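Undergrad: I'd like to ask some things about the structure below.
Since every read-out is calculated from the coordinates, none of them should be taken as a lab result. Every value quoted in this text rests on a predicted model; they were computed, and no experiment measured them. Cβ coordinates were reconstructed from backbone atoms using ideal geometry, including for glycine residues, and neighbour counts include every protein chain displayed.
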Amino acid sequence: MCNNTSIGSSAFSGCSGLTSINYNGTKEQWKAITKYSNWNYRTGNYTVTCTDGVLTKAEN
């Protein structure tokens, strides 16, 4: 089970080449993570691959 609880402000900011994030948890668990301001500002059109499926950038 994954125990991440937050992603810091600007953690991936400016990572225009970001295409994928692999997350060892469910889509529901990913969505429950607190994501602080601009955590994904100016990133590429990435996907998040979870144990039960894939989320697009727009679904984050």
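Undergrad: Under 5 Å between amide H atoms, partner at least 5 residues away or on a different chain: which partners does Thr47 have, H built in plane at 1.01 Å?
TA: Distant-sequence amide H within range of Thr47: Ser20, Ile21.
Undergrad: Can I ask one more? Can you put Val54, Val48 in order, fewest other beta carbons within 10 Å first?
TA: Numbers: Val54 11, Val48 19.
Taking fewest neighbouring Cβ atoms as first place, the list is Val54, Val48.
Undergrad: Evaluate the Debye formula for the chain with equal point scatterers sitting on the alpha carbons, no solvent, and hand back log10 of I(q)/I(0) at q = 0.21, 0.25, 0.26 Å⁻¹, in q order, two decimals.
TA: After summing over all Cα pairs, the log10 values are -0.80, -1.11, -1.19.
Undergrad: When a footprinting reagent is the concern and you count Cβ atoms within 10 Å, what order do Trp30, Trp39 take, fewest first? All intermediate terms of the calculation are to be shown ahead of the outcome.
TA: Details: Trp30 22, Trp39 18.
Placing the least packed residue first, the sequence is Trp39, Trp30.
Undergrad: So between Asn24 and Asn45, what do we pick up on full extension, going 0.36 nm a residue minus the alpha carbon distance?
TA: Working: separation 21, 0.36 × 21 = 7.56 nm, distance 2.00 nm.
Fully extending the segment from Asn24 to Asn45 adds 5.6 nm.
Undergrad: Name the residues whose placed amide hydrogens come within less than 5 Å of the amide hydrogen of Lys35, ignoring near sequence neighbours (fewer than 5 apart) on the same chain.
TA: Under 5 Å from the amide H of Lys35: Ile7.
Undergrad: Could you give me the ³J(HN,Hα) list for segment 28-40, computed from phi with Karplus coefficients 6.51, -1.76, 1.60 and θ = phi - 60°, whole Hz, x at Gly and Pro?
TA: Once θ is set to phi - 60°, the couplings for segment 28-40 become 4, 5, 4, 5, 7, 5, 5, 10, 6, 3, 6, 4, 10 Hz.
Undergrad: Around Ile21, under 14 Å between beta carbons, what's the net of Lys plus Arg minus Asp minus Glu among the other residues? Before the final figure, lay out the partial values.
TA: Details: positive: Lys27, Lys31, Lys35, Lys57; negative: Glu59.
Here the count lands on +3.
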